[in-house]
Every structure is written in C-alpha cells, then in structure tokens.
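J.: Got a structure here, written out as structure tokens. Questions coming.
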Amino acid sequence: MNHPIQSENESYATLLHWYVSRFVERLRKLPPERWDWQIAIPAPSAHTLASLTTESDLAQGSLYPSLSRVREVSAHIAAGLAKTAHKHGMAKEKEPEDLLAQAHATMYDPHY
C-alpha cells in the first residue's frame, strides 16, 4: 500500500486528533451528573496550542508549532486540560503541585 507523505501540519493534526479522541473516549465514561459544565468554559487545548506557536512557525506558513516540539506541546496541552478538569471538579485525584512536570513524567516514551 502506498501512503502519500503528509506535510508537517497534516502530521500534527493527525497526532492531535488521536490525542483528543482518546481524551473524549475517557470523558464518555464519566457519569451524567459530572457533565454540568458551563458552555463558557474556555478550551485550554486551543489556547495552549496558539500560545506555543512561534513567529518562526507562522513565518514558515505553519499554523501549529513545529513537529519537532510535539512532546513539549503535548505536555503543555495535557497540563492545561488537567488544570481545567481540577478547576471544575472533574479530576479524580488531588492536583499535583506542578502539572507540567506531572505531564512530562507520565508521558509515554517511545525509546527503550
């Protein structure tokens, strides 16, 4: 099977789609009484992603941070999502002192 080479933006979008789909899959397991979020809760993922996109990324025509920074960006997004979950009482565990460090510590490392 021949797969076309994806651009960096397409690769990033595919990876983010995978992460978000796993997150939504876990959210679906929450009981209905936990779904009383207000519509105005800001989207931490979008805000974090935008804040980590540099002028250099934009100058190269990329809407996302460089794929070489995917682990760093993913950790920041995870920390933002966790902070929002804690703020709205949706987290099961006590909030760690440093959410970003916790995100890095629990991130899958593909190196053996």
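J.: Among Leu58, Leu15, which is in a helix (DSSP H, G or I), of a type in the set (A, V, I, L, M, F, W, C) and at pLDDT below 85?
T.: Leu15
J.: How about segment 61-70: which of its residues are in a helix (DSSP H, G or I) and without any contact (Cβ under 8 Å) to a residue 24 or more places away in the chain?
T.: Matches in segment 61-70: Ser68, Arg69.
J.: Only residues that are surrounded by 11 or more Cβ atoms within 10 Å (Cβ to Cβ) and either touching a residue at least 24 places away in the same chain (Cβ under 8 Å) or at positive phi (or both): list them for segment 89-105, please.
T.: Met90, Leu100, Ala103, His104
J.: State all residues of segment 90-106 that are farther than 16 Å from Pro44 by Cβ and not in a loop (DSSP other than H, G, I, E, B); if no residue qualifies, say none.
T.: Hits for segment 90-106 are Ala101, His104, Ala105, Thr106.
J.: Taking the residues in segment 71-88 that are surrounded by fewer than 17 Cβ atoms within 10 Å (Cβ to Cβ) and touching a residue at least 24 places away in the same chain (Cβ under 8 Å) as candidates, determine which candidate is farthest from Trp18 (Cα to Cα).
T.: Ranking the candidates gives His88 first.
The values are calculated or read from the model by the stated rules, or taken from the named source; none is laboratory data. None of the values given here were measured: they were computed from a predicted structure. Quick reminder, even Gly has a Cβ in these numbers, built from the backbone with ideal geometry, and neighbours come from all protein chains shown.
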